[in-house]
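Worksheet: the structure to be examined is printed underneath.
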Amino acid sequence: MRRASQHPVKPIPVRAGIGLRAPHVTRVLAEKPPIPWLEVHSENYFAAGGAAHAALEQLRVDYPLSLHGVGLSLGSADPLDPAHLRRLRALVDRYQPTFVSEHLSWGAIDGTHWNDLLPLPHTREAAALLVDRIDEVEEALGRPILVENVSSYLRFHAEMSEAEFVAEVVRRSGCALLLDVNNVYVNSVNHGFDPSDYLRAIPIGVVAEIHLAGHTRKTGLPEPLIIDSHDDFVSAEVWALYERAIERFGPRPTLIEWDARIPSLETLIEEADRATRRLEACRAEFA
Amino acid sequence: MPSLRELQRGFAAAMAMHDRAEGIVPAIDGGAIGASARLGIYRNAIAATRLRALEDTFPAVLALVGAPFFERLAVRYSDLNPSRSGDLCDYGARFPQFIEGSPEAIEPVPYLADIANLEWLRQEAALAADAVPAPDPRWCLTAAVDPRRLRATLHPSLRSLRSAFPVFAIHRWCDTPAAPAPRLDDGPECGLIWRADGEVAETAIHPASHAFVEALRGGGTLADAAAAGESQDELFHLRDCLDGLLDRGLIVDFTPRARNP
(Lines give C-alpha, C1' and ligand atoms only; values in the text may rest on other atoms or scores of the structure.)
Protein backbone atom coordinates (compact mmCIF):
# COMPACT_ATOMS: atom_id res chain seq x y z
CA MET A 1 0.00 0.00 0.00
CA ARG A 2 1.34 3.46 -0.85
CA ARG A 3 1.76 5.94 1.95
CA ALA A 4 1.57 9.57 1.01
CA SER A 5 4.06 11.78 2.82
CA GLN A 6 2.69 13.79 5.73
CA HIS A 7 5.13 16.58 5.01
CA PRO A 8 5.06 19.37 2.43
CA VAL A 9 7.75 19.35 -0.27
CA LYS A 10 10.61 21.58 0.84
CA PRO A 11 12.23 23.58 -1.97
CA ILE A 12 15.93 22.89 -2.47
CA PRO A 13 17.87 26.11 -1.88
CA VAL A 14 20.53 27.35 -4.29
CA ARG A 15 23.27 26.26 -1.91
CA ALA A 16 25.41 23.14 -1.60
CA GLY A 17 24.13 20.03 0.16
CA ILE A 18 25.73 16.68 0.81
CA GLY A 19 25.13 13.14 -0.35
CA LEU A 20 24.18 11.52 2.95
CA ARG A 21 25.79 8.12 3.46
CA ALA A 22 25.32 5.59 6.28
CA PRO A 23 28.28 6.65 8.51
CA HIS A 24 26.80 10.12 9.05
CA VAL A 25 23.10 9.35 9.44
CA THR A 26 23.10 9.02 13.23
CA ARG A 27 24.91 12.31 13.80
CA VAL A 28 22.80 14.24 11.30
CA LEU A 29 19.65 12.93 12.99
CA ALA A 30 20.89 13.78 16.46
CA GLU A 31 22.60 17.11 15.84
CA LYS A 32 20.62 18.49 12.87
CA PRO A 33 23.63 20.40 11.51
CA PRO A 34 22.79 23.32 9.19
CA ILE A 35 23.17 21.47 5.88
CA PRO A 36 21.13 23.17 3.12
CA TRP A 37 19.79 19.92 1.68
CA LEU A 38 20.41 16.17 1.45
CA GLU A 39 20.57 13.67 -1.37
CA VAL A 40 20.33 9.90 -0.81
CA HIS A 41 20.59 6.94 -3.16
CA SER A 42 17.07 5.71 -3.91
CA GLU A 43 18.03 2.02 -3.88
CA ASN A 44 19.30 2.30 -0.29
CA TYR A 45 15.66 2.82 0.71
CA PHE A 46 14.01 0.11 -1.38
CA ALA A 47 13.45 -2.11 1.65
CA ALA A 48 9.90 -2.49 2.94
CA GLY A 49 10.83 -1.13 6.37
CA GLY A 50 13.58 -0.90 8.94
CA ALA A 51 16.01 1.59 10.40
CA ALA A 52 16.85 3.34 7.13
CA HIS A 53 13.22 4.34 6.62
CA ALA A 54 12.82 5.45 10.23
CA ALA A 55 15.83 7.73 9.72
CA LEU A 56 14.66 9.07 6.36
CA GLU A 57 11.20 9.88 7.76
CA GLN A 58 12.88 12.20 10.26
CA LEU A 59 15.46 13.59 7.84
CA ARG A 60 12.62 14.43 5.48
CA VAL A 61 11.11 16.66 8.17
CA ASP A 62 14.38 18.48 8.86
CA TYR A 63 15.91 18.87 5.38
CA PRO A 64 14.93 19.30 1.72
CA LEU A 65 15.50 15.94 0.05
CA SER A 66 16.60 14.60 -3.33
CA LEU A 67 16.38 10.93 -4.37
CA HIS A 68 19.22 9.91 -6.67
CA GLY A 69 18.90 6.55 -8.43
CA VAL A 70 21.79 4.37 -9.54
CA GLY A 71 20.03 1.15 -10.59
CA LEU A 72 17.22 1.88 -13.04
CA SER A 73 19.40 1.31 -16.11
CA LEU A 74 17.67 3.93 -18.23
CA GLY A 75 19.73 3.21 -21.33
CA SER A 76 19.43 -0.57 -21.53
CA ALA A 77 18.03 -2.18 -24.63
CA ASP A 78 16.10 -4.36 -22.15
CA PRO A 79 12.76 -2.93 -21.00
CA LEU A 80 12.79 -1.08 -17.68
CA ASP A 81 12.41 -3.40 -14.69
CA PRO A 82 8.77 -2.93 -13.59
CA ALA A 83 9.55 -4.07 -10.02
CA HIS A 84 12.33 -1.48 -9.71
CA LEU A 85 10.02 1.19 -11.05
CA ARG A 86 7.27 0.20 -8.59
CA ARG A 87 9.67 0.42 -5.65
CA LEU A 88 10.88 3.82 -6.84
CA ARG A 89 7.28 5.05 -7.19
CA ALA A 90 6.50 3.90 -3.63
CA LEU A 91 9.56 5.75 -2.36
CA VAL A 92 8.69 8.93 -4.24
CA ASP A 93 5.10 8.79 -2.98
CA ARG A 94 6.26 8.26 0.59
CA TYR A 95 8.93 10.96 0.81
CA GLN A 96 7.81 13.47 -1.85
CA PRO A 97 11.41 14.52 -2.63
CA THR A 98 12.08 17.82 -4.35
CA PHE A 99 14.27 16.17 -7.00
CA VAL A 100 14.30 12.62 -8.39
CA SER A 101 17.26 11.83 -10.62
CA GLU A 102 18.86 8.99 -12.59
CA HIS A 103 21.86 8.49 -14.86
CA LEU A 104 22.30 8.58 -18.64
CA SER A 105 23.83 5.12 -18.63
CA TRP A 106 22.91 1.47 -18.76
CA GLY A 107 23.55 -1.42 -16.36
CA ALA A 108 21.57 -4.49 -17.43
CA ILE A 109 21.08 -6.61 -20.51
CA ASP A 110 19.23 -9.90 -21.02
CA GLY A 111 18.18 -9.85 -17.36
CA THR A 112 21.70 -9.67 -15.91
CA HIS A 113 22.50 -6.55 -13.90
CA TRP A 114 26.08 -5.30 -13.75
CA ASN A 115 25.26 -2.78 -11.02
CA ASP A 116 27.41 -0.09 -12.54
CA LEU A 117 26.87 3.07 -14.58
CA LEU A 118 28.04 1.74 -17.95
CA PRO A 119 28.70 4.03 -20.91
CA LEU A 120 26.30 4.40 -23.81
CA PRO A 121 27.31 4.90 -27.42
CA HIS A 122 26.60 8.48 -28.48
CA THR A 123 24.28 7.48 -31.27
CA ARG A 124 20.86 8.58 -32.43
CA GLU A 125 19.50 5.12 -31.52
CA ALA A 126 20.68 5.42 -27.89
CA ALA A 127 19.43 9.02 -27.61
CA ALA A 128 16.00 8.01 -28.94
CA LEU A 129 15.80 5.11 -26.49
CA LEU A 130 16.70 7.38 -23.57
CA VAL A 131 14.03 9.90 -24.59
CA ASP A 132 11.42 7.09 -24.62
CA ARG A 133 12.63 5.69 -21.28
CA ILE A 134 12.66 9.08 -19.56
CA ASP A 135 9.08 9.56 -20.72
CA GLU A 136 8.17 6.09 -19.40
CA VAL A 137 9.74 6.80 -16.00
CA GLU A 138 8.11 10.20 -15.68
CA GLU A 139 4.77 8.62 -16.59
CA ALA A 140 5.25 5.87 -13.99
CA LEU A 141 6.31 8.31 -11.26
CA GLY A 142 3.77 10.98 -12.19
CA ARG A 143 6.45 13.65 -12.02
CA PRO A 144 9.52 14.94 -13.89
CA ILE A 145 12.98 13.55 -13.26
CA LEU A 146 16.50 14.93 -13.72
CA VAL A 147 19.12 12.99 -15.68
CA GLU A 148 22.85 13.02 -14.99
CA ASN A 149 25.82 12.81 -17.36
CA VAL A 150 28.15 9.97 -16.31
CA SER A 151 31.91 9.51 -16.17
CA SER A 152 33.44 6.94 -18.50
CA TYR A 153 36.70 5.12 -19.15
CA LEU A 154 35.99 4.20 -22.74
CA ARG A 155 33.99 5.61 -25.57
CA PHE A 156 32.47 3.91 -28.53
CA HIS A 157 32.87 5.08 -32.10
CA ALA A 158 30.02 7.55 -32.19
CA GLU A 159 27.77 9.73 -34.29
CA MET A 160 28.10 12.77 -32.04
CA SER A 161 30.10 14.09 -29.10
CA GLU A 162 29.03 13.29 -25.55
CA ALA A 163 27.90 16.89 -24.97
CA GLU A 164 25.83 16.84 -28.18
CA PHE A 165 24.33 13.52 -27.07
CA VAL A 166 23.38 14.84 -23.61
CA ALA A 167 22.01 18.07 -25.11
CA GLU A 168 19.91 16.11 -27.60
CA VAL A 169 18.44 13.87 -24.87
CA VAL A 170 17.47 16.78 -22.61
CA ARG A 171 16.14 18.82 -25.54
CA ARG A 172 13.96 16.00 -26.92
CA SER A 173 12.79 14.70 -23.54
CA GLY A 174 12.22 18.12 -21.98
CA CYS A 175 14.01 16.69 -18.97
CA ALA A 176 16.22 18.83 -16.72
CA LEU A 177 19.93 18.03 -16.45
CA LEU A 178 21.81 17.13 -13.32
CA LEU A 179 25.20 18.34 -14.51
CA ASP A 180 28.04 16.43 -12.85
CA VAL A 181 30.95 18.82 -13.32
CA ASN A 182 33.46 16.28 -12.03
CA ASN A 183 32.23 13.78 -14.63
CA VAL A 184 32.68 16.38 -17.39
CA TYR A 185 36.25 16.97 -16.22
CA VAL A 186 37.03 13.25 -15.83
CA ASN A 187 35.75 12.53 -19.34
CA SER A 188 37.60 15.51 -20.80
CA VAL A 189 40.87 13.99 -19.57
CA ASN A 190 39.94 10.38 -20.38
CA HIS A 191 38.76 11.19 -23.89
CA GLY A 192 40.75 14.30 -24.73
CA PHE A 193 38.30 17.15 -25.19
CA ASP A 194 38.01 20.67 -23.83
CA PRO A 195 35.56 20.66 -20.89
CA SER A 196 34.61 24.28 -21.65
CA ASP A 197 33.42 23.17 -25.12
CA TYR A 198 31.25 20.60 -23.33
CA LEU A 199 29.63 23.28 -21.16
CA ARG A 200 29.06 25.49 -24.20
CA ALA A 201 27.23 22.63 -25.95
CA ILE A 202 24.69 22.32 -23.12
CA PRO A 203 21.76 24.74 -23.57
CA ILE A 204 21.34 27.45 -20.94
CA GLY A 205 18.29 26.83 -18.82
CA VAL A 206 18.34 23.02 -18.70
CA VAL A 207 20.62 22.55 -15.68
CA ALA A 208 18.64 22.10 -12.45
CA GLU A 209 21.32 20.62 -10.18
CA ILE A 210 25.09 20.24 -10.13
CA HIS A 211 27.22 17.44 -8.66
CA LEU A 212 30.81 17.78 -7.47
CA ALA A 213 33.12 15.00 -6.29
CA GLY A 214 36.74 13.96 -5.95
CA HIS A 215 38.59 11.71 -8.37
CA THR A 216 41.81 9.70 -8.69
CA ARG A 217 44.41 10.29 -11.37
CA LYS A 218 46.05 7.03 -12.51
CA THR A 219 49.75 6.97 -13.24
CA GLY A 220 52.03 4.81 -15.36
CA LEU A 221 49.66 4.59 -18.33
CA PRO A 222 50.48 5.62 -21.91
CA GLU A 223 47.87 8.41 -21.74
CA PRO A 224 46.05 10.28 -18.94
CA LEU A 225 43.26 8.45 -17.14
CA ILE A 226 41.13 9.54 -14.19
CA ILE A 227 38.91 7.27 -12.11
CA ASP A 228 35.69 8.86 -10.81
CA SER A 229 36.37 7.52 -7.32
CA HIS A 230 34.33 9.92 -5.13
CA ASP A 231 36.94 9.41 -2.43
CA ASP A 232 38.66 12.78 -2.08
CA PHE A 233 38.26 16.55 -2.03
CA VAL A 234 37.06 18.25 -5.19
CA SER A 235 40.15 18.98 -7.30
CA ALA A 236 41.29 22.50 -8.20
CA GLU A 237 40.55 21.81 -11.88
CA VAL A 238 36.98 20.79 -11.06
CA TRP A 239 36.43 23.87 -8.86
CA ALA A 240 37.59 26.02 -11.78
CA LEU A 241 35.22 24.21 -14.16
CA TYR A 242 32.42 24.56 -11.61
CA GLU A 243 32.92 28.33 -11.58
CA ARG A 244 32.68 28.35 -15.37
CA ALA A 245 29.53 26.19 -15.18
CA ILE A 246 27.66 28.41 -12.73
CA GLU A 247 28.78 31.45 -14.68
CA ARG A 248 27.13 29.94 -17.78
CA PHE A 249 24.08 28.24 -16.25
CA GLY A 250 23.59 30.49 -13.23
CA PRO A 251 23.85 29.43 -9.59
CA ARG A 252 22.21 26.02 -9.14
CA PRO A 253 21.67 23.70 -6.14
CA THR A 254 24.93 21.82 -5.81
CA LEU A 255 25.84 18.57 -4.11
CA ILE A 256 29.09 17.14 -2.77
CA GLU A 257 29.28 13.37 -3.39
CA TRP A 258 31.80 11.43 -1.30
CA ASP A 259 31.21 7.67 -1.37
CA ALA A 260 34.51 6.01 -0.47
CA ARG A 261 37.06 6.83 2.23
CA ILE A 262 34.22 8.92 3.62
CA PRO A 263 35.57 11.81 5.72
CA SER A 264 34.19 13.31 8.93
CA LEU A 265 30.87 15.10 8.71
CA GLU A 266 32.69 18.37 9.44
CA THR A 267 34.97 17.89 6.42
CA LEU A 268 32.02 17.10 4.20
CA ILE A 269 30.11 20.18 5.36
CA GLU A 270 33.21 22.36 4.86
CA GLU A 271 33.52 21.08 1.31
CA ALA A 272 29.85 21.91 0.70
CA ASP A 273 30.42 25.37 2.19
CA ARG A 274 33.21 25.96 -0.33
CA ALA A 275 30.68 25.36 -3.11
CA THR A 276 28.09 27.56 -1.40
CA ARG A 277 30.58 30.44 -1.21
CA ARG A 278 31.15 30.14 -4.96
CA LEU A 279 27.38 30.09 -5.55
CA GLU A 280 26.96 33.24 -3.45
CA ALA A 281 29.75 35.00 -5.33
CA CYS A 282 28.12 34.01 -8.62
CA ARG A 283 24.72 35.18 -7.39
CA ALA A 284 26.24 38.56 -6.48
CA GLU A 285 27.57 38.84 -10.04
CA PHE A 286 24.19 37.88 -11.50
CA ALA A 287 22.33 40.41 -9.28
CA MET B 1 28.22 0.28 -35.72
CA PRO B 2 26.37 -2.57 -33.95
CA SER B 3 22.85 -1.99 -32.66
CA LEU B 4 22.52 -0.88 -29.04
CA ARG B 5 21.42 -4.36 -27.98
CA GLU B 6 24.32 -6.04 -29.82
CA LEU B 7 26.75 -3.57 -28.29
CA GLN B 8 25.43 -4.11 -24.77
CA ARG B 9 25.52 -7.88 -25.22
CA GLY B 10 29.12 -7.61 -26.41
CA PHE B 11 30.01 -5.44 -23.43
CA ALA B 12 28.31 -7.89 -21.05
CA ALA B 13 30.24 -10.81 -22.56
CA ALA B 14 33.48 -8.88 -22.00
CA MET B 15 32.49 -8.25 -18.36
CA ALA B 16 31.72 -11.92 -17.79
CA MET B 17 34.93 -13.28 -19.32
CA HIS B 18 38.28 -11.68 -20.18
CA ASP B 19 38.57 -13.75 -23.34
CA ARG B 20 35.15 -12.80 -24.69
CA ALA B 21 36.00 -9.13 -25.30
CA GLU B 22 36.87 -9.52 -28.98
CA GLY B 23 33.24 -8.90 -30.07
CA ILE B 24 33.07 -5.46 -28.51
CA VAL B 25 36.65 -4.26 -29.05
CA PRO B 26 36.14 -3.00 -32.65
CA ALA B 27 33.33 -0.71 -31.44
CA ILE B 28 35.62 1.02 -28.91
CA ASP B 29 37.92 3.95 -29.49
CA GLY B 30 40.61 2.54 -27.21
CA GLY B 31 43.43 5.04 -27.79
CA ALA B 32 46.91 4.29 -26.46
CA ILE B 33 45.56 2.55 -23.36
CA GLY B 34 43.65 0.11 -25.54
CA ALA B 35 40.09 -1.20 -25.49
CA SER B 36 40.87 -4.32 -23.44
CA ALA B 37 42.49 -2.35 -20.62
CA ARG B 38 39.60 0.12 -20.60
CA LEU B 39 37.09 -2.76 -20.41
CA GLY B 40 39.19 -4.14 -17.55
CA ILE B 41 38.50 -0.99 -15.48
CA TYR B 42 34.78 -1.76 -15.63
CA ARG B 43 35.32 -5.48 -14.99
CA ASN B 44 37.34 -4.71 -11.88
CA ALA B 45 34.85 -2.12 -10.63
CA ILE B 46 31.94 -4.54 -11.03
CA ALA B 47 33.83 -7.32 -9.24
CA ALA B 48 34.71 -4.92 -6.39
CA THR B 49 31.10 -3.77 -6.04
CA ARG B 50 29.82 -7.33 -5.90
CA LEU B 51 32.52 -8.39 -3.45
CA ARG B 52 31.70 -5.43 -1.17
CA ALA B 53 27.99 -6.31 -1.28
CA LEU B 54 28.76 -9.86 -0.11
CA GLU B 55 31.25 -8.67 2.54
CA ASP B 56 28.65 -6.27 3.95
CA THR B 57 25.98 -8.97 4.13
CA PHE B 58 28.15 -11.91 5.29
CA PRO B 59 30.73 -10.49 7.74
CA ALA B 60 30.85 -13.66 9.84
CA VAL B 61 31.49 -15.85 6.79
CA LEU B 62 34.29 -13.44 5.86
CA ALA B 63 35.74 -13.63 9.38
CA LEU B 64 35.61 -17.43 9.38
CA VAL B 65 37.29 -18.06 6.01
CA GLY B 66 39.50 -14.96 5.67
CA ALA B 67 39.57 -12.33 2.92
CA PRO B 68 41.50 -14.23 0.17
CA PHE B 69 39.26 -17.32 0.31
CA PHE B 70 36.12 -15.17 0.61
CA GLU B 71 37.15 -13.27 -2.51
CA ARG B 72 37.61 -16.54 -4.42
CA LEU B 73 34.14 -17.64 -3.30
CA ALA B 74 32.72 -14.24 -4.33
CA VAL B 75 34.21 -14.51 -7.83
CA ARG B 76 32.80 -17.99 -8.39
CA TYR B 77 29.43 -16.96 -6.91
CA SER B 78 29.34 -13.99 -9.27
CA ASP B 79 30.06 -16.25 -12.27
CA LEU B 80 27.31 -18.70 -11.33
CA ASN B 81 24.76 -16.26 -9.88
CA PRO B 82 24.71 -13.04 -11.89
CA SER B 83 22.89 -10.15 -10.30
CA ARG B 84 19.22 -10.02 -11.31
CA SER B 85 18.34 -6.66 -9.79
CA GLY B 86 19.39 -3.04 -9.89
CA ASP B 87 19.22 -3.19 -6.09
CA LEU B 88 22.32 -4.89 -4.69
CA CYS B 89 20.51 -5.74 -1.43
CA ASP B 90 19.10 -8.73 -3.36
CA TYR B 91 22.48 -9.95 -4.59
CA GLY B 92 23.44 -12.35 -1.78
CA ALA B 93 20.16 -14.29 -1.68
CA ARG B 94 21.67 -17.46 -3.15
CA PHE B 95 25.03 -17.23 -1.38
CA PRO B 96 24.10 -19.73 1.42
CA GLN B 97 23.00 -22.35 -1.12
CA PHE B 98 26.12 -21.66 -3.18
CA ILE B 99 28.31 -22.32 -0.13
CA GLU B 100 26.32 -25.47 0.65
CA GLY B 101 27.23 -26.72 -2.83
CA SER B 102 30.92 -25.74 -2.57
CA PRO B 103 32.93 -28.65 -1.08
CA GLU B 104 36.07 -26.51 -0.79
CA ALA B 105 34.11 -24.24 1.57
CA ILE B 106 32.14 -26.67 3.70
CA GLU B 107 34.74 -29.42 4.12
CA PRO B 108 37.07 -27.22 6.22
CA VAL B 109 34.18 -25.25 7.78
CA PRO B 110 31.15 -27.59 7.84
CA TYR B 111 28.84 -25.02 9.46
CA LEU B 112 29.71 -22.27 6.94
CA ALA B 113 26.49 -22.56 4.90
CA ASP B 114 24.40 -22.33 8.09
CA ILE B 115 26.29 -19.20 9.17
CA ALA B 116 25.66 -17.72 5.71
CA ASN B 117 22.00 -18.64 6.02
CA LEU B 118 21.81 -16.95 9.43
CA GLU B 119 23.41 -13.81 8.00
CA TRP B 120 21.01 -13.75 5.05
CA LEU B 121 18.06 -14.09 7.46
CA ARG B 122 19.53 -11.16 9.41
CA GLN B 123 19.54 -9.13 6.19
CA GLU B 124 15.91 -10.10 5.54
CA ALA B 125 14.98 -9.13 9.09
CA ALA B 126 16.74 -5.77 8.75
CA LEU B 127 14.83 -4.91 5.58
CA ALA B 128 11.41 -6.41 6.38
CA ALA B 129 8.28 -4.30 6.66
CA ASP B 130 7.54 -2.41 9.85
CA ALA B 131 4.64 -3.46 12.07
CA VAL B 132 3.23 -1.99 15.22
CA PRO B 133 1.92 -4.61 17.66
CA ALA B 134 -1.73 -4.26 18.64
CA PRO B 135 -2.06 -2.34 21.95
CA ASP B 136 -2.27 -5.56 23.94
CA PRO B 137 -2.60 -8.72 21.91
CA ARG B 138 -2.86 -10.70 25.17
CA TRP B 139 -6.52 -9.67 25.55
CA CYS B 140 -7.41 -12.28 22.96
CA LEU B 141 -6.04 -14.97 25.19
CA THR B 142 -8.56 -14.09 27.89
CA ALA B 143 -11.48 -13.29 25.57
CA ALA B 144 -14.45 -15.48 24.93
CA VAL B 145 -12.83 -17.04 21.84
CA ASP B 146 -11.15 -20.37 22.53
CA PRO B 147 -7.51 -19.25 22.46
CA ARG B 148 -6.48 -22.45 20.77
CA ARG B 149 -8.63 -21.43 17.76
CA LEU B 150 -6.62 -18.21 17.28
CA ARG B 151 -4.06 -17.51 14.60
CA ALA B 152 -1.12 -15.26 15.39
CA THR B 153 0.06 -12.47 13.12
CA LEU B 154 3.82 -12.49 13.53
CA HIS B 155 6.13 -9.51 13.11
CA PRO B 156 7.20 -9.32 9.44
CA SER B 157 10.87 -9.33 10.41
CA LEU B 158 10.69 -12.63 12.34
CA ARG B 159 12.78 -15.43 10.87
CA SER B 160 13.63 -18.83 12.36
CA LEU B 161 16.53 -21.18 11.76
CA ARG B 162 17.38 -24.76 12.69
CA SER B 163 20.95 -25.95 12.33
CA ALA B 164 22.85 -29.15 13.03
CA PHE B 165 25.56 -26.91 14.55
CA PRO B 166 25.64 -24.40 17.43
CA VAL B 167 25.24 -21.72 14.79
CA PHE B 168 24.05 -18.87 17.03
CA ALA B 169 26.95 -19.45 19.45
CA ILE B 170 29.41 -19.46 16.51
CA HIS B 171 27.89 -16.27 15.14
CA ARG B 172 28.22 -14.53 18.53
CA TRP B 173 31.82 -15.72 18.70
CA CYS B 174 32.58 -14.17 15.29
CA ASP B 175 31.51 -10.84 16.81
CA THR B 176 33.63 -11.34 19.94
CA PRO B 177 36.52 -13.61 18.89
CA ALA B 178 38.36 -13.00 22.20
CA ALA B 179 35.69 -15.14 23.92
CA PRO B 180 36.24 -18.91 24.17
CA ALA B 181 35.40 -20.63 20.88
CA PRO B 182 32.17 -22.66 20.91
CA ARG B 183 32.52 -26.43 20.66
CA LEU B 184 30.99 -28.06 17.61
CA ASP B 185 29.85 -30.96 19.80
CA ASP B 186 27.65 -28.49 21.68
CA GLY B 187 25.11 -29.90 19.27
CA PRO B 188 22.35 -28.52 17.08
CA GLU B 189 20.76 -25.16 17.69
CA CYS B 190 17.47 -23.50 16.79
CA GLY B 191 16.88 -19.80 17.01
CA LEU B 192 14.97 -16.70 16.07
CA ILE B 193 16.10 -13.58 14.22
CA TRP B 194 14.06 -10.37 14.24
CA ARG B 195 14.29 -6.60 14.29
CA ALA B 196 13.70 -4.54 17.42
CA ASP B 197 14.10 -0.76 17.58
CA GLY B 198 15.80 -0.81 14.19
CA GLU B 199 18.46 -3.33 15.24
CA VAL B 200 18.56 -7.00 14.26
CA ALA B 201 18.42 -9.35 17.25
CA GLU B 202 18.83 -13.11 17.50
CA THR B 203 18.47 -15.74 20.17
CA ALA B 204 18.76 -19.49 20.44
CA ILE B 205 15.51 -21.21 21.42
CA HIS B 206 14.36 -24.72 22.38
CA PRO B 207 13.57 -26.99 19.40
CA ALA B 208 9.96 -27.24 20.62
CA SER B 209 9.61 -23.44 20.55
CA HIS B 210 11.12 -23.47 17.07
CA ALA B 211 8.54 -26.00 15.91
CA PHE B 212 5.82 -23.84 17.47
CA VAL B 213 7.00 -20.71 15.66
CA GLU B 214 7.39 -22.55 12.37
CA ALA B 215 3.80 -23.82 12.66
CA LEU B 216 2.55 -20.27 13.32
CA ARG B 217 4.58 -18.98 10.37
CA GLY B 218 2.90 -21.65 8.25
CA GLY B 219 -0.52 -20.23 9.16
CA GLY B 220 -1.45 -22.79 11.81
CA THR B 221 -3.66 -21.98 14.79
CA LEU B 222 -2.29 -21.87 18.32
CA ALA B 223 -3.62 -25.42 18.70
CA ASP B 224 -1.75 -26.60 15.60
CA ALA B 225 1.41 -24.83 16.75
CA ALA B 226 1.14 -26.18 20.30
CA ALA B 227 0.80 -29.69 18.87
CA ALA B 228 3.95 -29.09 16.80
CA GLY B 229 5.78 -27.96 19.94
CA GLU B 230 4.54 -30.92 21.98
CA SER B 231 5.68 -33.28 19.23
CA GLN B 232 9.24 -32.09 19.93
CA ASP B 233 8.96 -32.07 23.72
CA GLU B 234 6.04 -33.29 25.79
CA LEU B 235 6.91 -30.66 28.42
CA PHE B 236 6.40 -27.83 25.89
CA HIS B 237 4.56 -25.02 27.66
CA LEU B 238 2.32 -22.99 25.38
CA ARG B 239 1.85 -19.96 27.65
CA ASP B 240 5.58 -19.56 28.38
CA CYS B 241 6.41 -19.71 24.69
CA LEU B 242 3.65 -17.24 23.82
CA ASP B 243 4.76 -14.85 26.54
CA GLY B 244 8.32 -14.95 25.20
CA LEU B 245 7.09 -13.96 21.74
CA LEU B 246 4.68 -11.32 23.08
CA ASP B 247 7.32 -9.76 25.33
CA ARG B 248 9.59 -9.29 22.31
CA GLY B 249 6.77 -7.77 20.22
CA LEU B 250 6.93 -10.68 17.78
CA ILE B 251 3.19 -11.36 17.82
CA VAL B 252 1.54 -8.25 16.52
CA ASP B 253 -2.06 -9.51 16.66
CA PHE B 254 -4.36 -12.50 17.02
CA THR B 255 -7.27 -13.30 14.75
CA PRO B 256 -9.90 -16.00 15.29
CA ARG B 257 -9.79 -18.88 12.83
CA ALA B 258 -12.71 -18.71 10.41
CA ARG B 259 -15.35 -21.33 11.21
CA ASN B 260 -15.76 -24.13 8.71
CA PRO B 261 -18.94 -23.64 6.65
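Residues with beta-carbon under 13 Å from that of A:Arg248, excluding A:Arg248: net charge, scoring Lys, Arg +1 and Asp, Glu -1?
Combined, the nearby Lys, Arg, Asp and Glu give -1.
May I ask you to list the GluC sites (Glu not before Pro) in region B:182-261 that are in a DSSP loop and have at most 14 other Cβ atoms within 10 Å of their Cβ?
Answer by residue number: B:Glu234.
Nearest-5 percent of antiparallel DSSP beta bridges in the protein assembly as shown?
50
In region B:1-109, what trypsin sites (Lys or Arg not before Pro) fall in a loop by DSSP, with at most 15 other Cβ atoms inside 10 Å?
Within region B:1-109, the qualifying trypsin sites (Lys or Arg not before Pro) (loop, at most 15 other Cβ atoms within 10 Å) are B:Arg84.
Could you compute the FRET efficiency for B:Glu230 and B:Asn44, with r as their C-beta to C-beta distance and R0 at 56 Å, rounded to 0.05?
0.50
With Cβ to Cβ distances under 12 Å as the rule, what net charge do the other residues near B:Ala74 carry (K, R +1; D, E -1)?
Residues close to B:Ala74 contribute a combined charge of 0.
Would you be so kind as to identify which of B:Asn44, B:Gln8, B:Gly229 lies farthest towards the positive end of the dipole of the protein assembly as shown, taking Lys and Arg as +1 and Asp and Glu as -1 on Cβ and the Cα centre as origin?
B:Gly229
Work out the length of the dipole vector of region B:128-261 about its Cα centre, built from +1 on the beta-carbon of each Lys and Arg and -1 on the beta-carbon of each Asp and Glu, and round it to the nearest 20 debye.
460
May I ask you to find the residues of region A:221-237 that are shielded by at least 30 Å² of accessible area once the whole protein assembly is considered instead of their isolated chain (probe 1.4 Å)?
A:Pro222, A:Glu223, A:Leu225
List the trypsin sites (Lys or Arg not before Pro) in region A:224-287 that DSSP assigns to loop (not H, G, I, E or B) and whose Cβ has at most 13 other Cβ atoms within 10 Å. Which are they?
In loop regions of region A:224-287 (DSSP not H, G, I, E or B), the sparsely surrounded trypsin sites (Lys or Arg not before Pro) are A:Arg261.
Taking each residue of B:86-95 in turn, how many C-beta atoms of other protein chains fall within 10 Å of its C-beta, and what is the average?
Taking all residues of B:86-95 together, the mean is 5.
How far apart, in nanometres, would the label points at B:Ala181 and B:Asp56 be if each is projected 7 angstrom from Cα along the Cα-to-Cβ direction?
The answer from the label model is 3.1 nm.
At 222 nm, what value in deg cm²/dmol follows for the protein assembly as shown if DSSP H runs of at least 4 each add -39500 (n - 2.57) and the sum is divided by all its residues, to the nearest 500?
-14000 deg cm²/dmol
If you place +1 on the Cβ of every Lys and Arg, -1 on the Cβ of every Asp and Glu, and leave all else neutral, what size is the dipole of region A:16-286 about its Cα centre, to the nearest 20 Debye?
So the magnitude is around 460 debye.
Please average, across the residues of B:34-43, the number of beta carbons from any other chain that are within 10 Å of each residue's own beta carbon, and give a whole number.
Whole-number average of other-chain Cβ neighbours for B:34-43 is 4.
Quick check: net charge around B:Leu238, other residues with Cβ under 11 Å of its Cβ, Lys/Arg +1 and Asp/Glu -1?
Within the 11 Å Cβ shell, the charges total -1.
The values are calculated or read from the model by the stated rules, or taken from the named source; none is laboratory data. Note that this is a predicted model, so its numbers are computed, not measured. Ideal geometry is used to build each Cβ from the backbone, glycine not excepted, and the neighbour counts take in all protein chains shown. We work out accessible area using only protein heavy atoms, side chains counted, and drop any ligands, DNA or RNA first. Shrake-Rupley method; radii C 1.70, N 1.55, O 1.52, S 1.80 Å.
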